Amino acid sequence: MANQGAKKRKEENEKHMRMLWNLILICNAIYVVLRLGVRYRSVSWKHGLGLCVTSAAYKLVYDQLAAMAKASYDTITGELTDGGFDMSTGGLCSYLHDILYITAFVQIASILSDKFWFAYLVIPIFALYKLWELLLYPFFFQRAKDDVPMDEKERKKMEKMERKANRPKFARTRR
């Protein structure tokens, strides 16, 4: 029964990575068949470049997710020690999934109209927003707590909280 959680996560990650791989293959196959096969008269060098860009995005994102999902084993016993990263969590893993799904949407939708390539701009716009929200705005535009003048009420409240925090804390015990 040891490492059941790690085994379960390893199996979930393998299943999830297979699903993502199938998504990539299906999107590329649909794009090649419909855009380069059926609509070959409207193909230009831009469509080949688009296929290269989406393929590169797929590769970079898939490789990063595969590295995160990779299970680790004990070098001496060969026993499973970690089932890999939980792919259902937020953060970077979620952003990588978003990039993968946006790429799939843009690739398939661009078969209908070349204007769908503009949907790819969502990725750098969101990255700039996060950069602004987490790094630039707090660093450059928010004043430090010490710089903000306090009124009398806030100052008294702060002093009271400091006195309360500095009081010794003793637990009553019975003898």
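The values are calculated or read from the model by the stated rules, or taken from the named source; none is laboratory data. Keep in mind the model is a prediction, meaning the values are calculated, not measured. In this analysis, Cβ positions are derived from the backbone assuming ideal geometry, glycine residues included, and neighbour counts consider all displayed protein chains.
Whenever a residue of the stretch 38-53 is farther than 11 Å from Gln107 by Cβ, its partners that are surrounded by 11 or more Cβ atoms within 10 Å (Cβ to Cβ), lying with C-beta atoms within less than 8 angstrom and at least six residues away or across chains, give the pairs Arg39/Ile111; Val43/Arg35; Val43/Leu36; Lys46/Asp114.
The residue of the stretch 6-34 that is farthest from Met68 (Cα to Cα), among those that are modelled with pLDDT of 90 or more and of a type in the set (S, T, N, Q), is Asn28. Of all the listed residues (Ile123, Ile99, Ile111), the sole one being surrounded by 15 or more Cβ atoms within 10 Å (Cβ to Cβ), over 23 Å from the mean Cα position of the chain (by Cα) and of a type in the set (Val, Ile, Thr) is Ile111.
Residues that are touching a residue at least 12 places away in the same chain (Cβ under 8 Å), in contact with a helix residue (DSSP H, G or I) (Cβ under 7 Å, 6 or more places away or on another chain) and farther than 30 Å from Leu112 by Cα occur in the stretch 13-26; there is at least one.
Here the condition is being among the polar types (S, T, N, Q) and either outside any helix (DSSP H, G or I) or surrounded by 14 or more Cβ atoms within 10 Å (Cβ to Cβ) (or both); of Ser94, Ser88, it holds for Ser88 alone.
What is the number of the single condition among (1) farther than 27 Å from Trp117 by Cα; (2) free of Cβ contacts under 8 Å to residues at least 60 places away in the same chain that Ala71 does not meet? Checking Ala71 against (1) farther than 27 Å from Trp117 by Cα; (2) free of Cβ contacts under 8 Å to residues at least 60 places away in the same chain, the one that fails is (2).
Mind listing whichever residues of the stretch 1-49 are among the basic types (Lys, Arg) and out of contact with any Asp or Glu (no Cβ under 9 Å at 6 or more places or on another chain)? Correct list: Lys7, Lys8, Lys15, Arg18, Arg35, Arg39, Arg41.
Could you tell me whether Phe116 is of a type outside the set (A, V, I, L, M), in a helix (DSSP H, G or I), farther than 30 Å from Gln4 by Cα and under 24 Å from the mean Cα position of the chain (by Cα)? Spell out the reasoning first.
Working: of a type outside the set (A, V, I, L, M): yes; in a helix (DSSP H, G or I): yes; farther than 30 Å from Gln4 by Cα: yes; under 24 Å from the mean Cα position of the chain (by Cα): yes.
The answer is yes for Phe116.
On the stretch given as the stretch 48-97, residues that are over 18 Å from Leu23 (Cβ atoms), in contact with a Leu (Cβ under 7 Å, 6 or more places away or on another chain) and of a type in the set (Val, Ile, Thr) total 0.
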